[in-house]
Structures are given as C-alpha cells and as structure tokens.
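Colleague: Below you will find the structure I want to go over with you.
The values are calculated or read from the model by the stated rules, or taken from the named source; none is laboratory data. All figures in this text were calculated on a predicted structure; none of them were measured in a lab. All Cβ positions, glycine included, derive from the backbone under ideal geometry; neighbour counts span all protein chains shown. For the accessible areas, the whole protein counts, side chains as well, though only heavy atoms, and no ligand, DNA or RNA atoms are used. Shrake-Rupley method; radii C 1.70, N 1.55, O 1.52, S 1.80 Å.
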Amino acid sequence: MIHLKEGYYGRTGFHAEDIAIIVLQNKVSFSNGVSPVCIDWNGKYNVVNGNQGKIVGWGKTEKGISSPILLEANLPYIDHISCRKMFTNGFEPFVTVDKFCAGSASVSGQGVDQGDSGSGLCFFHSDSYYLTGVVSNKDPSINNSIAVFTDVMYHIQWIRGLYNQHN
C-alpha cells in the first residue's frame, strides 16, 4: 500500500510535500545487499552545512546512461535557507519549506541525476545511518551536483502516524 502526502501537487505545487510511504505486506529479509536505515524519531541528531551524507541509486551516470549497477555518492548538506539563496533563476520556489539541499555547485558528475528520485540521503550517527532526506528535484538548467531533498524530520509526525497505524 502506498501513502502519498495529502498536500503533494507535483510541479504545480513546487513539489512541496514530496514524500510517500510504502507499506509492505511481508517482512523483508536483510542481507548484505538489503539492510535497514534508521529514522531519528526524536530529532536527536543535527546535520549542519558541510556534513557528508551518503546516497545510492541507479540514476543516469555522467555519460547520460542509466547505471546497470547501484552507485553511491557522498554529498555535503546545505540547509534550507542557504539552498534557497543559491537559486536566483526562478527555481527558488521549488526549495519549499520542507526541503534542504545537498551537493556542490563546483562539482558535476557525482551527485543526483534522472532516475534517482526517491533515493534516500543518509547521515552516519552513533554507528548507524539515519535517513535524513529523500530526493525530490533538481534545477534542470544547472549542471552541478546540487539536488533538492524532502526533509524527513519535517514530516516525522505523519511518518510516525503511519508507522503506528501499521504496527
């Protein structure tokens, strides 16, 4: 079952509330290739500008082809205010209140590309990875590694409600 956030209206809503939860009917078996990620339910961990997060995905490579293998990249965190100020070409409305960015203005190649939407950006705290953001969108007119992420903590009450409903 897929739960979309009620206020999501796609591009016409500037991709605000761009988050969904998939509830599986069966438990997932963990292995070397499948492992869980933590949720910071109580907001215990802070991420600040420059902290390196890890993202994995099968999106397009720097050569413009879809990757046949799972790729990973390390991206520096950029808070909401700093991110929004980076865009002056009309893209800034897409950095809605529930967003932050990650990536570098000076780096292209290692980052988020088409096919990576929905991938999680995780930060390492206390020996575990914590899901901090979900790829939402990217300015199509700029060729750098900066992408816009939906902030998981912004939606934690909604996520907790679904968790409690299905457990």
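Colleague: Can you say what percent of the DSSP beta bridges in the chain, counting only those with both residues inside, are antiparallel? Round to 5.
Modeller: 95 percent
Colleague: How much net charge surrounds Ile78 when only other residues with a Cβ under 14 Å from its Cβ are counted (Lys, Arg +1; Asp, Glu -1)?
Modeller: Net charge around Ile78: 0.
Colleague: Can you pull the percent of the chain's accessible area that's carbon plus sulfur, 1.4 Å probe, other chains left in place?
Modeller: Heavy-atom surface of the chain belonging to carbon and sulfur, 1.4 Å probe: 53 percent.
Colleague: Show me 142-149, 72-79, 35-42 ranked by packing, highest mean number of other Cβ atoms within 10 Å first.
Modeller: Ranked from most to least packed, the peptides come out as 142-149, 72-79, 35-42.
Colleague: Using per-residue counts of other Cβ atoms within 10 Å, averaged over each peptide, order 44-50, 20-26, 135-141, 155-161 from highest down.
Modeller: Highest mean packing first, the order is 135-141, 155-161, 44-50, 20-26.
Colleague: When the chain is fully extended, how far beyond the present Cα-Cα distance does Tyr8 get from Glu92, taking 0.36 nm per residue of separation?
Modeller: Full-extension gain reported as 28.5 nm.
Colleague: Please say if the range 36-136 is rounded, prolate or oblate, where rounded means a/c under 1.5 for a ≥ b ≥ c the square roots of the C-alpha gyration tensor eigenvalues, and otherwise the choice is prolate for a/b larger than b/c and oblate otherwise?
Modeller: It is oblate, given that a/c is not under 1.5 and a/b is not larger than b/c.
Colleague: Step through the table entries Lys63/Lys99; Lys85/Lys138; Lys44/Lys85; Lys54/Lys138; Lys63/Lys85, compare each Cα-Cα distance with 22 Å, and write down the pairs that go over it.
Modeller: Lys63/Lys99; Lys44/Lys85; Lys63/Lys85
Colleague: So with the 1.4 Å probe, I'd like the accessible area per residue for the chain, rounded to whole Å².
Modeller: Per-residue value: 62 Å².
Colleague: Turning to a different aspect of this structure: How much net charge surrounds Phe100 when only the other residues with a Cβ under 12 Å from the Cβ of Phe100 are counted, with Lys and Arg +1 and Asp and Glu -1?
Modeller: Result for the neighbourhood of Phe100: -1.
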